[in-house]
1. Are any residues in the stretch 67-111 under 25 Å from Gly128 (Cβ atoms), more than 27 Å from the chain's Cα centre (by Cα) and of a type in the set (Lys, Arg), and if so, which ones?
2. Name the residues in the stretch 47-67 that are out of contact with any helix residue (DSSP H, G or I) (no Cβ under 7 Å at 6 or more places or on another chain) and under 24 Å from Ala187 (Cα atoms), would you?
3. Kindly evaluate Glu150 against the criterion of being under 28 Å from the mean Cα position of the chain (by Cα) and in a helix (DSSP H, G or I).
4. For a quick check of your reading of the model, give me the residue pairs whose first member lies in the stretch 51-69 and is of a type in the set (Ser, Thr, Tyr), whose second is assigned to a helix (DSSP H, G or I) and surrounded by 14 or more Cβ atoms within 10 Å (Cβ to Cβ), with beta-carbon atoms closer than 8 Å and at least 6 apart or on different chains.
5. Picking from Leu139, Leu165, Leu193, which residue would you name as being free of Cβ contacts under 8 Å to residues at least 24 places away in the same chain and either over 19 Å from Phe40 (Cβ atoms) or within 17 Å of the chain's Cα centre (by Cα) (or both)?
6. Under 6 Å between Cβ atoms, which residue pairs at least 6 apart in sequence (or on different chains) link something in the stretch 75-88 that is within 14 Å of Tyr100 (Cα to Cα) with a partner that is among the aliphatic types (A, V, I, L, M)?
7. What number goes with the only condition from (1) farther than 28 Å from Met49 by Cα; (2) of a type in the set (A, V, I, L, M); (3) surrounded by 16 or more Cβ atoms within 10 Å (Cβ to Cβ) that Leu185 does not pass?
8. Residues Tyr63, Tyr73, Tyr100, Tyr92: which one is more than 30 Å from Phe40 (Cα to Cα), among the aromatic types (Phe, Trp, Tyr) and surrounded by fewer than 17 Cβ atoms within 10 Å (Cβ to Cβ)?
Amino acid sequence: MAEIEIPHPHEVKEKAEHPFLRMVALSVAFYAVGLAISSFGTHSTAKEMMLAKQEEANQWNRYQSKSTREALYRNEILKLKAEKKSGTMPQYKEELLAEYEKEESRMIADKKEIEEGGKDKDGKELHGARHYQNEVKLLQRKDPYFEFAEVIFQLAIVLASVAMLAEKKWAFYVSVGLAIVGVLLTANGFALLVAIPGIDHGTHSVAH
């Protein structure tokens with residue numbers, strides 16, 4: 001996050017006797033709080049996204065492993081079934097065929113659980129790869145709102161500083177407007193109440 005030059009405390013004290021300047025100084029404090037919250041949102045979202053992507057990759061790796069084993073069993077099943085059609089097949093191969101078919105079915109069931117999730121033996125919910133995939137998409141939608149809010153709060157603080165030092169009311173009013181936008185973007189980053197084109201990645205993505 002870029003460093004913001006905030007007025008020196010002594011300068012603030014000297015100008016604090018003026019009602020307008022006192023209001024600006026108080027506003028800067030609120031802007032700083034808003035900046036801190038949006039920064040928290042950015043860092044929190046980035047951390048959660050990294051963990052979700054890692055878990056998603058792990059799940060798909062498991063899925064690929066099950067797919068490979070399923071293909072191997074399917075190949076052996078086809079060989080044994082072809083042999084069975086050609087004539088009498090020994091009992092041990094009949095049993096082997098049944099075992100391969102059982103394992104193939106288990107791999108298919110495991111793949112479905114890995115992809116869609118399920119429950120463990122204690123009834124605890126297990127998240128599948130799709131869950132983490134959707135989680136990543138959700139976090140990718142949230143992140144830009146916090147980043148834009150950070151920039152806007154920084155601009156609001158700069159303009160409020162100009163208003164305080166140069167006593168420019170227009171700069172203060174603009175800073176208030178920017179701060180309001182920053183608050184709305186930060187709130188939307190947490191709740192995703194509205195999808196804003198150009199910011200929200202989800203407005204152009206298709207869920208799978």
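Taken together, the values in this text are just the output of simple stated rules run on the coordinates, not laboratory data. In this text the structure is predicted, and so the values were computed from the model without any measurement. Note that each Cβ is placed from the backbone with ideal geometry, even for glycine, and that neighbours are counted across all protein chains shown.
1. Arg69, Arg74, Lys102, Arg106 - these are the residues of the stretch 67-111 that are under 25 Å from Gly128 (Cβ atoms), more than 27 Å from the chain's Cα centre (by Cα) and of a type in the set (Lys, Arg).
2. Hits for the stretch 47-67 are Lys47, Met50, Leu51.
3. Numbers: under 28 Å from the mean Cα position of the chain (by Cα): yes; in a helix (DSSP H, G or I): yes.
So Glu150 passes the test.
4. Final answer for the pair search is Tyr63/Lys111; Tyr63/Ile114; Tyr63/Glu115; Tyr63/Ala129; Ser67/Met107; Ser67/Lys111.
5. Numbers: Leu139 fails: free of Cβ contacts under 8 Å to residues at least 24 places away in the same chain; Leu165 fails: free of Cβ contacts under 8 Å to residues at least 24 places away in the same chain.
Answer to the check: Leu193.
6. Close Cβ pairs satisfying both conditions: Leu80/Leu97.
7. In the conditions (1) farther than 28 Å from Met49 by Cα; (2) of a type in the set (A, V, I, L, M); (3) surrounded by 16 or more Cβ atoms within 10 Å (Cβ to Cβ), Leu185 misses (1) alone.
8. Going through Tyr63, Tyr73, Tyr100, Tyr92 in turn, the sole match is Tyr92.
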